Structure formats: C-alpha cells, structure tokens
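The values are calculated or read from the model by the stated rules, or taken from the named source; none is laboratory data. In this text, all values refer to a predicted model and were calculated from it rather than measured experimentally. Glycine gets a Cβ as well: all are built from the backbone with ideal geometry, and neighbour counts include every protein chain shown.
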Amino acid sequence: MSILVVGLNHKTAPVELREQFAFSSDEVERVLASLTSHSSLREAVILSTCNRVEIYTFGVSESVVTQWLCEWCRGGSLVSQDDFLQHGYVFQGIEAVEHLMQVACGLDSLVVGEPEIFGQVKAAFAKACLHKTVGAHLSRLFRQTFQVAKRVRTSTKIGACPVSVASTAVLYAKEWISENPRVLIIGTGQVGGLVAKHAKTLSSRPLMIVSRNLENAKRLANEVCGIAGSLEQLTEYLSQADIVISSTSSQRPVISLETVENISHKILLIDLAVPRDVAPDAAKHPCVTLCQLDQLKATIQQHVHMRAHAAMQAERLIEESARDFILSLRTMNADEIITQYRTVMEAHCDIELKKALKANQYGEATELVLKDFSRKLINKMMHLPCVQLRQASVDGRQDFILLASELLGVQKGIKL
C-alpha cells in the first residue's frame, strides 16, 4: 500500500471536462463519505479548484478511485477508466508525494509560483480532517508538504517575482514610494479588480476607486474597504493621489496634460490600458512620472526567467523532501508493526504475570514461580513465529527463512 493521487488538471483536460468532475464546497462531505465507503480505502483528501480535481488516498488501488470518479462524473460522458486516464493521471509512492509538493508550491499552476494554491491545499486537508477521512499517513504527508512549501517560499524567489500585470504594477509602485501613499485605481474591470486587491498592501489608507460606472466603483470599493467615485470626479481624486493605476476600456485617454495641470505634488501614473489611458503629453508635467504597459512587460519577462530559476531550486528541494518522506513512511510502517507486536506481548506478559503472582500468594517458591513465568512467556512469544517458520520451511521459502534469521539475529549455523 502507498500514497496515491488520481486527478486531472489544466494541462491534461479542458475546462469543459474538468467542470464535470469538480466538487463544490457543499458537496465535499457527501463525496468524502461516498469515497471512503469502500472497505479497502483508509484515507482520502479531495482537492478541487478551477484548474484541477485531485483525490489523494492511502491504502487503495487506482482502479477503485478511477472507477468511483467515472461513476460520479456529472456529465456521464466518461464511463470507462481508460477514457478517464486519456485526460487524467495517476501517481503512486514517491511520484505522488512529489506531485503534491509541486502543487502546494505553485510549480504545477497555470502561473508558476502563484501563492493561492497553497491556501487551497490547506483548506482541502482541513475539510478532510473535519470529516475524519485523514489518518496517520496522509496527515504526515500534508503536514510535511506545508513545511516544504514554506521553505520554498523563504529559500527561493518563486513568489518574490510577480508575473501578472496587476501584481507587477503594484510592485513597481511599491518601489517608487514607500511612505503610506494615497492610491487611486481607475477602472473596475478584471485587471482593475486584481490591481485593487494587490494594491491594498501599498498603504493603510483607503483605496480610491474611480469608474465610468459608479455602481461598479462602489462594488469594488466595498470589497477592498475603499472609497468610490465617478469618472467625472477624476480631477478631484487625482489631486489627492500619490499613485494612480489605470486600466479602463476607454478608446480615448482619460488622463491628459490638461487633466494633471493643477497637480503640485509628485505623482506616479501607471497605465495598464490598451488603448492607453494616459496621453503621452501628461508626462511633460514636472510632477508626473509615467509608467506604461511596455515598461512593465519587460519587468514581467525578467521575472519569468527568475521564477524559472527559482522553480529549478524548488524542484531539487522537493525531490530531497519526497525521498525523506518515503523513508519516514517506511519507518512509520515498521513502527506500527513494532507497536502492535509490543501490545500483544504486553498482553501475554500481563496474563502470565497475574498467574505467577497468584501462585506466589499461595505459597509456591518464588524461584519456581519465576522460572515457570519466564518459560510460559517465552512459549507465548515464540509460538506464532515458530509456526510461520516451520510452514515456510515446508513450502521451501528460503527467502523468508533468511529474512527471519536476520530479524532474529541468529544467522550463524543456519542450514538450508
């Protein structure tokens, strides 16, 4: 038995297929209960995001999990395990361990190094713990994975180099001014929304959100605890801002030299829009610093190369950690056997000790009582191993006898 992962992701299957196997948060309890109803399955964790659906298990064959997945499939278009595996993957043992660590570290993400997946993996593990489908093996695996992910974040630059336009713009702004700036976001589309979420780290002051549609501005401002305004109020908000990040869908510039002519303090304008939101002549104002999209693209490309190097460092760390985990798992398996054997022997010892104490109370000589106790205890301890060894000898299992002799430390004098 070993760690097993069965799944599909953005690399192996289109979204139309992934959504058929996806599990909502409300379904996880029922799904885990259904999955662990198989008598052979000991432990399970389900990780379901927009980019992947994966089931981590211990103590079960891949056919059980893939068959269960195919039966659960929403669309019903995939019914055979062979069909599923054309779009999915199965990893066992050390490969499964490495895969989970790669996922948690963001190395298997659509954007390499993105940090959100770490929280999603932790949430999936927490839900499985809540529903009592995690045992000693998966618990040890996920906890060690979390430690590895933290080490990767602190010892490599995998997360220090943003590769999205929104996060790169915010990093650029952070390097431009460090003192609690007043930040203005123009535009509430997809990019504007991402910028606003990243920009919360720039200042403790409320973000100012301006949009052509005031309701959209209010909605985004509410999400980031900011202040909303309309595009008609842009000049007023510009006079209050130190950093401006603009990403509207306007076909004409929303900021020109005329718009900023009354600015009397240093201001950074970051233009993420195509067509441009900031007219080139705005940069003529002595207080204005203009950063356009092409400047950020060069930074993003540089960060992509840096992340690739960091990913290589992370892979080496993961390989080492996965090997250590497998070794610890083997030790864990041995520890379980030792614990079980000790429990059985202690039970035998308690039984014989009670008999010996009772005999001693009735006046039997202590020396005779102790000799009888030790003989009976040794007989109990040796009974099952002796039965197994004799049967192995009858069956001609020389490998078993050699292993037993090594285990018992009596290799000398063994004749086969």
Determine whether segment 27-39 contains at least one residue that is at pLDDT below 85 and more than 21 Å from HIS131 (Cα to Cα). no
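If a residue must be β-branched (Val, Ile, Thr), within 21 Å of ASP108 (Cα to Cα) and in contact with a helix residue (DSSP H, G or I) (Cβ under 9 Å, 6 or more places away or on another chain), how many such residues does segment 13-65 contain? Please lay out each step first, then the result.
The first filter runs over segment 13-65 and keeps only residues β-branched (Val, Ile, Thr), leaving 15, 28, 31, 36, 45-46, 49, 53, 55, 57, 60, 64-65.
Now drop any that are not within 21 Å of ASP108 (Cα to Cα), which leaves 15, 45-46, 49, 53, 55, 57.
Checking the rest, the ones that are also in contact with a helix residue (DSSP H, G or I) (Cβ under 9 Å, 6 or more places away or on another chain) come to 45-46, 49, 53, 55, 57.
Total meeting the criteria: 6.
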Selection within segment 50-62 - over 17 Å from LEU138 (Cα atoms) and at pLDDT below 85: CYS50, ASN51
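Looking at this structure, is LEU47 closer than 30 Å to ALA334 by Cβ, touching an Asp or Glu at 6+ places or on another chain (Cβ under 6 Å) and surrounded by 13 or more Cβ atoms within 10 Å (Cβ to Cβ)?
Values: closer than 30 Å to ALA334 by Cβ: yes; touching an Asp or Glu at 6+ places or on another chain (Cβ under 6 Å): yes; surrounded by 13 or more Cβ atoms within 10 Å (Cβ to Cβ): yes.
Judged against the criteria, LEU47 is a match.
Restrict the check to segment 346-363 and report whether at least one residue is of a type in the set (Lys, Arg) and surrounded by 13 or more Cβ atoms within 10 Å (Cβ to Cβ).
Restricting attention to segment 346-363, the residues satisfying the condition of being of a type in the set (Lys, Arg) are 354-355, 358.
Next cut, surrounded by 13 or more Cβ atoms within 10 Å (Cβ to Cβ) only: 355.
Yes, segment 346-363 contains at least one residue that is of a type in the set (Lys, Arg) and surrounded by 13 or more Cβ atoms within 10 Å (Cβ to Cβ).
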Just checking, does segment 106-115 include any residue being free of Cβ contacts under 8 Å to residues at least 60 places away in the same chain and acidic (Asp, Glu)? yes
So in segment 118-136, with the set limited to residues that are closer than 21 Å to LEU329 by Cβ and aliphatic (A, V, I, L, M), which one is surrounded by the fewest Cβ atoms within 10 Å (Cβ to Cβ)? ALA136
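Here's the yes/no breakdown for (1) touching an Asp or Glu at 6+ places or on another chain (Cβ under 8 Å); (2) over 17 Å from LEU293 (Cα atoms); (3) among the aromatic types (Phe, Trp, Tyr); (4) surrounded by fewer than 17 Cβ atoms within 10 Å (Cβ to Cβ):
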residue: GLU175; (1), (2), (3), (4): no, no, no, yes
residue: ASN180; (1), (2), (3), (4): no, yes, no, yes
residue: ILE185; (1), (2), (3), (4): no, no, no, no
residue: THR188; (1), (2), (3), (4): no, yes, no, no
residue: ASN216; (1), (2), (3), (4): no, yes, no, no
residue: ALA221; (1), (2), (3), (4): no, yes, no, no
residue: CYS225; (1), (2), (3), (4): no, yes, no, yes
residue: LEU234; (1), (2), (3), (4): no, yes, no, no
residue: GLN251; (1), (2), (3), (4): no, no, no, yes
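Return yes or no: is ASP395 exposed (fewer than 11 other Cβ atoms within 10 Å of the Cβ) and more than 30 Å from ARG143 (Cβ to Cβ)? Write out each step before concluding.
Details: exposed (fewer than 11 other Cβ atoms within 10 Å of the Cβ): yes; more than 30 Å from ARG143 (Cβ to Cβ): yes.
So ASP395 passes the test.
Quick one: count up the residues across segment 80-105 that are hydroxyl-bearing (Ser, Thr, Tyr) and either closer than 21 Å to ALA322 by Cβ or assigned to a helix (DSSP H, G or I) (or both).
Pass one, segment 80-105, residues hydroxyl-bearing (Ser, Thr, Tyr): 80, 89.
The next check asks that each one be either closer than 21 Å to ALA322 by Cβ or assigned to a helix (DSSP H, G or I) (or both); those that pass are 89.
Residues meeting the conditions: 1.
Within the bounds of segment 323-345, is there any residue that is among the small types (Gly, Ala, Ser) and touching a residue at least 40 places away in the same chain (Cβ under 8 Å)?
Looking for residues that are among the small types (Gly, Ala, Ser) and touching a residue at least 40 places away in the same chain (Cβ under 8 Å), one finds at least one in segment 323-345, hence yes.
Of the residues that make up segment 272-287, is at least one outside the structural domain of VAL210 (by TED's automatic domain parsing) and surrounded by 18 or more Cβ atoms within 10 Å (Cβ to Cβ)? Break it down into steps so the answer makes sense when it comes.
Taking segment 272-287 and keeping what is outside the structural domain of VAL210 (by TED's automatic domain parsing), we get none.
No; the residues of segment 272-287 include none that is outside the structural domain of VAL210 (by TED's automatic domain parsing) and surrounded by 18 or more Cβ atoms within 10 Å (Cβ to Cβ).
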Find the residue count for segment 99-134, including only residues that are among the polar types (S, T, N, Q) and over 13 Å from ASN9 (Cβ atoms). 1
For segment 32-44, enumerate the residues that are crowded, with 19+ Cβ neighbours inside 10 Å and either under 20 Å from the mean Cα position of the chain (by Cα) or not in a helix (DSSP H, G or I) (or both). LEU32, LEU41, GLU43, ALA44
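Can you find even one residue in segment 149-158 that is modelled with pLDDT of 90 or more, touching a Phe, Trp or Tyr at 6+ places or on another chain (Cβ under 9 Å), outside the structural domain of LEU272 (by TED's automatic domain parsing) and more than 21 Å from VAL28 (Cα to Cα)?
So in segment 149-158, the residues modelled with pLDDT of 90 or more come out as 149-152.
This time we only want the ones that are touching a Phe, Trp or Tyr at 6+ places or on another chain (Cβ under 9 Å), so: 149-150.
Subsequent filtering for residues that are outside the structural domain of LEU272 (by TED's automatic domain parsing) retains 149-150.
Okay, now just the ones that are also more than 21 Å from VAL28 (Cα to Cα), so 149-150.
Checked segment 149-158: at least one residue is modelled with pLDDT of 90 or more, touching a Phe, Trp or Tyr at 6+ places or on another chain (Cβ under 9 Å), outside the structural domain of LEU272 (by TED's automatic domain parsing) and more than 21 Å from VAL28 (Cα to Cα).
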Going residue by residue through segment 143-165, is there one that turns out to be touching a helix residue (DSSP H, G or I) at 6+ places or on another chain (Cβ under 6 Å) and of a type in the set (Phe, Trp, Tyr)? no
Test for SER139: is it buried (at least 17 other Cβ atoms within 10 Å of the Cβ) and either assigned to a helix (DSSP H, G or I) or touching a residue at least 40 places away in the same chain (Cβ under 8 Å) (or both): no
What is the one condition in (1) outside any loop (DSSP other than H, G, I, E, B); (2) farther than 26 Å from GLN147 by Cα that THR12 does not satisfy? (1)
Picking from ILE326, ILE414, ILE338, ILE378, the residue that is over 48 Å from the mean Cα position of the chain (by Cα) and either within 26 Å of GLY59 (Cβ to Cβ) or at pLDDT 85 or above (or both) would be ILE378
